[in-house]
Amino acid sequence: MILPIKNMMDAFCVKGLNVIVTGGNRGIGLGISQAYAQSGANVAILCRNKESGEKASNDLKQYNIKSFCVRCDTSSMESVNQAVDEVLSKFDRVDILVNNAGVSTVTKFLQDENLSEWHRVINTNLNGVAYMIYAVVPHMVKAARGGSVINISSIGGQNLGGARNHPMSPYHVSKAALDMFTKNMAIEFGDYDIRVNAIAPGPTHSDLDKDLPPQAFEMIEKTMPMHRFAEPIEVGALCVFLSSPAACQITGTVMVHDGGLVLGG
């Protein structure tokens with residue numbers, strides 16, 4: 001059983017822990033990888049672009065931690081299993097799993113030929129998370145050290161702002177389902193001291209910026225109380241907190257990180 005903290009000494013420490021970050025080579029995922037590395041955790045980046053992933057992992061080594069990249073397509077269970085096996089050949093255990101890899105689309109549902117975009121998005125954003133948890137968590141259970149799973153969701157799973165002019169139904173559905181999946185897994189894994197939480201970012205500078213129409217940036221920044229897009233490492237900071245001893249009583253939550261955008265003020 002993971003014991004509660006008694007004081008603030010090392011309450012936010014993740015130093016020496018082993019972390020997997022899917023899609024950790026760019027955008028929000030890179031910010032998450034950097035946050036863990038700067039906090040002293042070892043980082044395994046899983047991504048489809050091996051060249052980009054190796055560059056990112058090599059850059060992380062400046063923080064005197066162990067980091068490497070494994071090629072992985074999280075929409076494929078076979079690819080996930082192979083990648084996790086490779087990670088475990090380099091890490092003696094996995095303490096933290098961050099399911100960040102995700103894709104988006106802008107298309108009207110009835111114009112999605114053969115539902116190809118629907119399947120592409122659901123397979124990565126929802127099934128990919130399930131595959132990763134299915135492959136990694138049994139090793140956490142066997143190690144009997146507890147652990148933390150963090151799923152990167154989106155305020156798009158809670159809010160349909162702009163859906164009429166910017167239809168993204170597969171994305172919205174995948175993130176809404178991910179929020180409920182997070183809560184289910186928190187219940188199932190609690191007996192093993194494995195906590196499962198989700199973070200729902202709002203507007204955050206990442207590769208998905210290109211999917212937003214130009215007028216959206218000005219509108220969003222005027223509407224949200226904090227008047228700016230978040231930086232990826234800010235999401236990473238919340239990940240570090242959620243996987244630290246300070247958060248050992250937090251599980252089954254979906255934490256909004258959106259500068260107040262969903263308030264609709």
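How much of the calculated P(r) for the chain lies past 33 Å, in percent of all Cα pairs?
Of all Cα-Cα pairs in the chain, 17 percent lie more than 33 Å apart.
For region 248-264, what does the Karplus curve 6.51 cos²θ - 1.76 cosθ + 1.60, with θ = phi - 60°, yield as ³J(HN,Hα) per residue in whole Hz, taken in order and with x for Gly and Pro?
Calculated HN-Hα couplings, in order: 5, 9, 9, 8, x, 9, 10, 8, 7, 9, 9, x, x, 4, 5, 5, x Hz.
Would you please state the base-10 log of I(q)/I(0) at q = 0.10, 0.11, 0.15, 0.18 1/Å for region 9-115, with intensities from the Debye formula using one equal scatterer on every alpha carbon?
So the normalised log intensities are -0.31, -0.36, -0.61, -0.80.
In nanometres, what is the gap between the two model label sites at ILE250 and GLU86, each 7 Å from Cα along Cα-to-Cβ?
Label-label distance for ILE250 and GLU86, simple model: 3.2 nm.
Specify whether the C-alpha gyration tensor of region 115-177 places it in the rounded, prolate or oblate class, a ≥ b ≥ c being the square roots of the eigenvalues: rounded for a/c under 1.5, otherwise prolate if a/b is larger than b/c and oblate if not.
Because a/c hits 1.5 or more and a/b fails to exceed b/c, region 115-177 counts as oblate.
If we count every other residue with Cβ under 13 angstrom of SER52's Cβ, Lys/Arg +1 and Asp/Glu -1, where does the sum land?
+1
If a/c stays under 1.5 just call it rounded; otherwise compare a/b with b/c (prolate if a/b is bigger, oblate if not). Do that for region 117-218, with a ≥ b ≥ c from the square roots of the Cα gyration tensor eigenvalues.
Prolate.
Which translational diffusion coefficient, to the nearest whole µm²/s, is obtained for region 25-81 from the Stokes-Einstein equation, given a Kirkwood hydrodynamic radius over C-alpha pairs, 25 °C and 0.890 mPa s?
218
Using the Karplus curve 6.51 cos²θ - 1.76 cosθ + 1.60 with θ = phi - 60°, what ³J(HN,Hα) values do you get for each residue of region 133-149, in whole Hz, with x for Gly and Pro?
Coupling constants for region 133-149: 5, 4, 8, 8, 4, x, 6, 5, 4, 5, 5, 6, 10, x, x, 9, 10 Hz.
Taking 41 Å as R0, compute the FRET efficiency from the Cβ-Cβ separation of HIS227 and SER116 and round it to 0.05.
0.65
If you take the beta carbon distance between ASN58 and PHE109 as r and set R0 to 35 Å, what does 1/(1 + (r/R0)^6) give as a FRET efficiency, to the nearest 0.05?
Efficiency at R0 = 35 Å is approximately 0.25.
What is the fewest-to-most order of CYS69, CYS13 by other Cβ atoms lying within 10 Å of their Cβ?
By the 10 Å Cβ count, ascending: CYS13, CYS69.
Hey, for a label at ARG93 modelled as a point 7 Å past Cα toward Cβ, could you say which residues of region 154-198 have their backbone N under 17 Å away?
190-196
With r defined as the distance between the Cβ atoms of LYS66 and LYS6 and R0 fixed at 22 Å, what FRET efficiency is calculated, to the nearest 0.05?
Result of the calculation: an efficiency of 0.15.
Gain in length, ALA144 to LEU263, computed as 0.36 nm per residue apart minus the alpha-carbon separation, to one decimal in nm?
38.8 nm
Where the only charges are on Cβ atoms (+1 Lys, Arg; -1 Asp, Glu), what is the dipole of region 18-260 about its Cα centre, to the nearest 20 debye?
200
Gain in length, PHE217 to HIS166, computed as 0.36 nm per residue apart minus the alpha-carbon separation, to one decimal in nm?
Stretched fully, the PHE217-HIS166 segment lengthens by 17.0 nm.
FYI, it's all coordinate maths here, none of it is from the lab. This structure is a prediction, so every number in the text was calculated from the model and none was measured. We place every Cβ from the backbone using ideal geometry, glycine too, and count neighbours over all the protein chains shown.
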